[in-house]
Amino acid sequence: MRHLLSPLDFSVDELDRLMDLAGDIEARPDKYKEACKGKKLATLFYEPSTRTRLSFEAAMLNLGGSVLGFSSADSSSAAKGESVSDTIRVISCYADICAMRHPKEGAPMVAAMKSGIPVINAGDGGHQHPTQTLTDLLTIRSLKGHLGNMTVGLCGDLKFGRTVHSLIEALVRYPGIRFVLISPEELRVPSYIRENVLDAGRVPYEEVRDLETAMPSLDILYMTRVQKERFFSEDEYIRMKDCYILDRVKLKTAKPDMHILHPLPRVNEISVEVDDDPRAAYFPQAQYGVYIRMALILTLLNITV
Amino acid sequence: MLNIGGLKDGIVLDHIQAGKSMDIYKYLKLDKLDCQVAIIKNARSNKMGRKDILKIEGGLDVVDLDVLGYIDCNITVNIIKDEKIVEKKVVRLPKKLTNIIKCKNPRCITSIEQELPHIFFLADEENQVYRCAYCEEKHK
């Protein structure tokens, strides 16, 4: 049985097939509207996440399936002290596939070890969030037509942002990728990403502080939020949070075919005036998130249409 | 020079870094076995100056030799049969460690689910880096 715990669980070929399927779903949604009829998705969310949970639910409903689950640990048997292993054994009797979000890192892996149904990691602490990475890859591929030979700018919190780490690890598998890592000194990518992924793979990259200087070279600009919950001190958070705010003025030097991505939710790092710019891709990105989750559910359930 | 001929069948762990024999005794869980164990501390060694030696009575299945590679790669494992060394084993860093070291990451699932085995994988052999199988945090 196949699970999705890390974005690297799928080979490049498998990812290509998954994205081809997502593309077909986008082009011909009617073809898939009853593909999962009679199947049930369990959404096991031990911490709140409106966007990811609803995206999974929308994906399953679009496929004609049903959804059950819980949206916080308080409303689950975890509040009574039940282990993840026990919960997944029980859920395996109720559903055909599950998406799990858990504040503790590795919880979906524990579930996968005991599960009778495919487990999708819907985010485990600061560790992995593979369906966000798949969403990012599909968005870039759909908008650019390919995934290699481009300069990708990653901006903001590159230290704590798990989506950034996963995206780097996924993109380095494609040829001709160059990164511009835009962040303050304190929020640079961790050394293990720099050394084990970028340096080890001889991937060209530069680390800069200034977004405007980097802007003209970028094909993709991936903005991130400085997350309050990752900081130990309020003062430090306040000092960092407004480091990079993308507005129309900063976009003036950007390529006309550059695309702006953001895993959302945003706070103030992208000014709302940018929303109407044709290069703003963060809302379409949420739609691609539904397509790729539909493709993922079909793939893990071995359903062909 | 110390003589290992006193052991009829068993294992002699030689070239243990001086002072480390009790750690190995603990890691190998020898206190839980009822076989004879001799601990020799600070034995003179041409190669190391001083070294520790452990003599364990019994077959190879008695102890988990893979763990030794994690503790000290320089240990020599001598297999004794009928009072003779029949094999010298070189220990290597094990690919996987189960319940030998514990994950210290407070965000790891093992921090709240006590019954889970602590599993680590060898991520970087050259630098002897082990990462937790669940959260991938490096063991320090």
Have a look at A:Gly69, A:Gly123 and point out the one that is in contact with a strand residue (DSSP E or B) (Cβ under 6 Å, 6 or more places away or on another chain), buried (at least 21 other Cβ atoms within 10 Å of the Cβ) and within 14 Å of chain B (Cβ to nearest Cβ). A:Gly123
Identify the residue in region A:239-250 that is at pLDDT below 80 and assigned to a helix (DSSP H, G or I) and, among all such residues, is nearest to the chain's Cα centre (by Cα). A:Lys241
Do we have B:Asp34 as free of Cβ contacts under 8 Å to residues at least 60 places away in the same chain and part of a loop (DSSP other than H, G, I, E, B) here? yes
Of the conditions (1) in contact with a helix residue (DSSP H, G or I) (Cβ under 7 Å, 6 or more places away or on another chain); (2) under 30 Å from A:Asp86 (Cα atoms), B:Ile71 satisfies every one except a single condition; which number is it? (2)
Residues that are buried (at least 16 other Cβ atoms within 10 Å of the Cβ), assigned by TED's automatic domain parsing to the domain that holds B:Lys47 and out of contact with any Lys or Arg (no Cβ under 6 Å at 6 or more places or on another chain): does region B:79-89 have at least one? yes
Residues that are in the same structural domain as B:Met22 (by TED's automatic domain parsing), modelled with pLDDT of 90 or more and in contact with a Gly (Cβ under 8 Å, 6 or more places away or on another chain): does region B:43-54 have at least one? yes
Counting only residues that are under 24 Å from B:Val86 (Cβ atoms) and of a type in the set (Asp, Glu), which one in region B:8-33 is surrounded by the fewest Cβ atoms within 10 Å (Cβ to Cβ)? B:Asp9
Taking region A:180-219, which residues are touching a helix residue (DSSP H, G or I) at 6+ places or on another chain (Cβ under 9 Å), loosely packed, with under 14 Cβ neighbours inside 10 Å and more than 26 Å from A:Lys241 (Cβ to Cβ)? A:Pro204
Filter region A:203-227 down to the residues that are assigned to a strand (DSSP E or B) and among the hydrophobic types (A, V, I, L, M, F, W, C) and list them by number. A:Val208, A:Ile220, A:Leu221, A:Met223
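The values are calculated or read from the model by the stated rules, or taken from the named source; none is laboratory data. Nothing here was measured: the structure is a model prediction, and the numbers come from that model. Positions of Cβ are backbone-derived with ideal geometry, glycine not excepted, and every protein chain shown enters the neighbour counts.
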